[in-house]
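A quick write-up on the structure given underneath.
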């Protein structure tokens, strides 16, 4: 009976999730994306999310800035959440660690130190990114910190080594670009709320054109050391249609020197 | 592709330690590439292929290590090109001089050489035409003299750096701070390692991923104007167009803190990329900055097709050295005060 209830709940959950995603799916079926010269859906462009997932993947209320002098300019905007089913399925010990991360987020969030953001976080940071598509590789260049990924379309084999932005292998499933990301280190977070992972993280991303200026983005996240089951996030990516749109520099290393090295400055002699 | 990093950023090395074979591969790639480059010079009628989108094809991973210095050394004054024999002798002598695997010189020198050949990828030959400088104009192969104002600025900056070398991060070089590298460009020069780049081309764009220090140059080809002068960037603002089979890239809007061999915020850089064979691009850049240099100057560097890929260089993330340099200086002060 217990299992049957669980099953019903999960079926209901799936139905609810399907309902949420329905408009996008409906469009997927009818929309045929323009093609590149080699006949693949054309994902070239400058894209950006329009949500607050980088503050917290889960639904959250607005709240005050952690840095008092910043007042409203540093406050956190509310968000509906982008996690399918609403909750990230942490293992018990990991749930505790997430709480600790949250409590110390100003100190521990790698974004505060201008570290490379990892995947999928790079996608929904509040900065644009550009997809540069060729048949053999797809380069994704992010404005934040000059971060970049090379998506190899010709089966690059297993990740040779762990890195911040991981090792990305892509293939097409119909009009969807599927990117399998492994080789991610354990240093990045998913958001500013302390959501984290281990170096066992495996991310499968799906980029699907659903209209001329919108891609549907989904990422399935798997990490048996931290989560009880794989879970999924989803959100639209919007194309920058400004004629003069271009990625600008956000080389933030310079901006965190006082934070990281200020305490080591030479003190004026008394 | 290569494994390493700045003298300051040992932390980033760990990532690259896992690639004992990559140096070997790179070496092979280079020697094949230089042969191809000389062959191409002899067959100027070679027509470069096109990308699927119809641009002359510059795509792939390219590498530029060479022993040819940017400026002509004094010993070769008046001698723009070496004979084969002279080149061989120079290469042998030079490699011996800079070799960090040498053990002569005593303990202190040994410590200085601990950043040894394992990490390096400086090439093992001159450019194929045996020039004595990468600079081809002016004909003396030297960077033209700075204007008096620029000389004053550069000298003052050097003096400030020396006086404040360990006072805070600003006393260290931009490279040690992982902000930008003197070789990562633009323009891209051969460096001690990581002298690799990947070029990809999409409709309306040429994009260059530079391994040192994970920088990406997105170059629009649609003829749009440069950014407004208020927007300044470490890598400048690049616009490209094709002249025949040559990609010409104009870059302006450099941040005033960026200085390429003495340049200032007025730097106008013109780069020309021409595929001259399946395995080589001829890369040429002209530095034009009338407030800094008494005349423009031009250098030419071959980019050779390389095996492998461009790996992540997480410079800042592994920068333990900057912390250690400053902490060490503070500890030394404390000890001296006792």
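The values are calculated or read from the model by the stated rules, or taken from the named source; none is laboratory data. Just so it is clear, the structure is predicted and the values come from calculations on it, not from any experiment. Cβ coordinates were reconstructed from backbone atoms using ideal geometry, including for glycine residues, and neighbour counts include every protein chain displayed.
Annotations
- Single match in B:232, B:300 (criterion: surrounded by 15 or more Cβ atoms within 10 Å (Cβ to Cβ) and over 26 Å from residue B:177 (Cβ atoms)): B:300
- Filtering B:274, B:298 for residues that are over 26 Å from residue A:135 (Cβ atoms) and modelled with pLDDT of 95 or more leaves a single hit, B:298.
- Restricting the stretch B:213-228 to residues that are closer than 16 Å to residue A:150 by Cβ and at pLDDT 95 or above, the residue that is farthest from the other protein chains (Cβ to nearest Cβ): B:217
- Within the stretch A:127-142, at least one residue is within 8 Å of chain B (Cβ to nearest Cβ), closer than 30 Å to residue A:261 by Cβ, more than 13 Å from the chain's Cα centre (by Cα) and outside any helix (DSSP H, G or I).
- Single match in A:57, A:66, A:116, A:43 (criterion: in contact with a strand residue (DSSP E or B) (Cβ under 9 Å, 6 or more places away or on another chain), surrounded by fewer than 18 Cβ atoms within 10 Å (Cβ to Cβ) and assigned to a loop (DSSP other than H, G, I, E, B)): A:66
- Residue within the stretch B:320-328 that is surrounded by fewer than 20 Cβ atoms within 10 Å (Cβ to Cβ), more than 24 Å from residue B:61 (Cα to Cα) and more than 14 Å from every other protein chain (Cβ to nearest Cβ) present: no
- Of everything in the stretch A:180-191 that is more than 11 Å from chain B (Cβ to nearest Cβ) and free of Cβ contacts under 8 Å to residues at least 40 places away in the same chain, the residue that is farthest from residue A:202 (Cα to Cα) is A:186.
- Filtering B:166, B:183 for residues that are without any contact (Cβ under 8 Å) to a residue 40 or more places away in the chain, assigned to a loop (DSSP other than H, G, I, E, B) and under 21 Å from residue A:254 (Cα atoms) leaves a single hit, B:183.
- Taken over the stretch A:65-104, the residue count meeting the criterion of being more than 28 Å from residue A:186 (Cβ to Cβ) and touching a helix residue (DSSP H, G or I) at 6+ places or on another chain (Cβ under 8 Å) is 1.
- Considering residues of the stretch A:249-270 that are more than 7 Å from every other protein chain (Cβ to nearest Cβ) and in a loop (DSSP other than H, G, I, E, B) only, the residue nearest to residue A:217 (Cα to Cα): A:267
- Any hit, the stretch B:97-107, residues being over 19 Å from residue B:299 (Cβ atoms), part of a helix (DSSP H, G or I) and under 19 Å from the mean Cα position of the chain (by Cα): yes
- Restricting the stretch A:151-171 to residues that are within 20 Å of the chain's Cα centre (by Cα) and facing chain B (nearest Cβ under 7 Å), the residue that is surrounded by the fewest Cβ atoms within 10 Å (Cβ to Cβ) is A:163.
- Test: residue in the stretch A:209-216 that is within 12 Å of another protein chain (Cβ to nearest Cβ) and assigned to a loop (DSSP other than H, G, I, E, B): no
- Residue in the stretch A:229-238 that is out of contact with any helix residue (DSSP H, G or I) (no Cβ under 6 Å at 6 or more places or on another chain), within 14 Å of chain B (Cβ to nearest Cβ) and under 27 Å from residue A:101 (Cβ atoms) present: no
- Evaluation of residue A:100 against the conditions (1) away from chain B (no Cβ under 11 Å); (2) outside any strand (DSSP E or B); (3) in contact (Cβ under 8 Å) with a residue 40 or more places away in the chain; (4) touching a strand residue (DSSP E or B) at 6+ places or on another chain (Cβ under 7 Å) shows that the sole unmet condition is (4).
- Residues satisfying the stated conditions in the stretch B:300-319, i.e. within 27 Å of residue A:119 (Cα to Cα) and more than 11 Å from chain A (Cβ to nearest Cβ): B:307
- Test: residue in the stretch A:192-200 that is within 14 Å of chain B (Cβ to nearest Cβ) and on the phi > 0 side of the Ramachandran plot: no
- Across the stretch B:172-202, the number of residues qualifying as over 22 Å from residue B:287 (Cα atoms), out of contact with any helix residue (DSSP H, G or I) (no Cβ under 6 Å at 6 or more places or on another chain) and at the interface with chain A (Cβ under 9 Å from one of its Cβ atoms) comes to 4.
- Among (1) within 27 Å of residue A:90 (Cβ to Cβ); (2) touching a helix residue (DSSP H, G or I) at 6+ places or on another chain (Cβ under 9 Å); (3) within 11 Å of chain B (Cβ to nearest Cβ), the one test that residue A:145 misses: (1)
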